[in-house]
Amino acid sequence: MAIFIDSGNIEEIKTYHSMGIIRGVTTNPTILLQDGIKGGMAEIKRCSVDLAKLIHPYPLSVEVTTNDPRKMLEEALEMASWADNINVKLTIHGPDGELDNLTVIHELETKHNVRVNVTAMMSAQQCFVAALAGATYVSLFCGRVNNMGYNSMEELSKLRNLIDSFDLKAQIIAASTREILNIVEWLDAGAHIVTVLPKFMNGMIVHPYTKETVQQFLDDAAKGEGAK
Ligand code: E4P
């Protein structure tokens, strides 16, 4: 089981990587845009190469920027060539339900030895199909699943049973964190990995009662010093 960080911000990633608590990084076009990566493919490459180097040998997910099957394959091959710990994210299907993506995913995994993170999935069924196609990672957008009124923990548990029963290699990434509680509850429900927004990392660590307790220790240590 592991925690990845869902960010393209190298300073934030450095902070948690140096603590030894993250085992990978996930990005997507929205995250990169929010983190100020706006210079097209050249900028994506620069940022990805820096991040991959920083966290090596842990994995970095980088998402393709097109839905044209031929270009998707080309981009995925290019991105995977930037560093040996980069895996490529492709959505399960296109914006109109186009099915070419799975063919590209299968080809990348079986013919080109590229690890694929299949993304934007909202159900155990979608993730199961992506795992059958050979995906290394299947990303279930648990926060979005909950937003739609479905129970992401039930989806995670069904999916984990299927992956284990069929002896598939895919690792389940529970994504779209919405609150700190998601991290342990999704791992508990069957996710191999939860990818966490940086704002929730601090919340996992810092507790108001710990602050108060630490202050008590410091105050008493100072009093003890004074008594010498
Ligand atoms: C991670 O791999 C996903 O791209 C990310 O968690 C999606 O988060 P969102 O649903 O908040 O956009």
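Quick notes on this structure:
- Rounded to the nearest 500, the 222 nm mean residue ellipticity of the chain from helices alone is -16000 deg cm²/dmol, with -39,500 (n - 2.57) taken per DSSP H run of at least 4 residues.
- Each peptide in 122-128, 206-212, 169-175, 69-75 was scored by the mean count of other Cβ atoms within 10 Å over its residues; highest first, the order is 169-175, 122-128, 69-75, 206-212.
- Inter-label distance for L77 and M1, nm, one decimal - labels placed 7 Å from Cα along Cα-to-Cβ: 4.0 nm
- Scalar couplings 3J(HN,Hα) for the range 27-36, obtained by applying the Karplus form with A = 6.51, B = -1.76, C = 1.60 to θ = phi - 60°, are 10, 8, x, 5, 4, 5, 4, 4, 8, x Hz; x denotes Gly and Pro.
- HN-Hα J in Hz across the range 171-186 - Karplus 6.51, -1.76, 1.60, θ = phi - 60°, x for Gly and Pro: 9, 8, 9, 8, 10, 6, 4, 10, 7, 4, 4, 3, 4, 6, 5, 6
- Distances between placed amide hydrogens fall under 5 Å for N87 paired with L60, S61, V62, all partners being 5 or more residues away or on another chain.
- Three-way shape label, the range 120-228, alpha-carbon gyration tensor, a/c 1.5: prolate
- Full extension of the segment from D84 to A42, taken as 0.36 nm per residue of separation minus the current Cα-Cα distance, would add 13.3 nm.
- Helix 100-111 and the longest principal axis of the C-alpha atoms of the chain enclose an angle of approximately 80°.
- Label zone at E225 (point 7 Å along Cα-to-Cβ), backbone N below 17 Å, the range 194-218: 214-218
- Here the calculated FRET efficiency for Y209 and K14, from their Cβ-Cβ distance with R0 = 25 Å, stands at 0.30, rounded to the nearest 0.05.
- Ordering of 19-29, 40-50 by burial proxy (mean other Cβ atoms within 10 Å per residue, highest first): 19-29, 40-50
- Pair-distance distribution P(r) for the chain, from all Cα-Cα distances in 10 Å bins starting at 0: 8, 31, 34, 16, 6, 4, 2, 0 percent.
- Centre separation in Å (Cα based) which lies between the range 7-86 and the range 177-222: 26 Å
Where a number appears in this text, it was derived from the coordinates with a stated rule and is not lab data. Please read all numbers here as calculations on a predicted model, not as lab measurements. Neighbour counts are summed over all protein chains in view; Cβ atoms, including those assigned to glycine, are modelled from backbone coordinates with ideal geometry.
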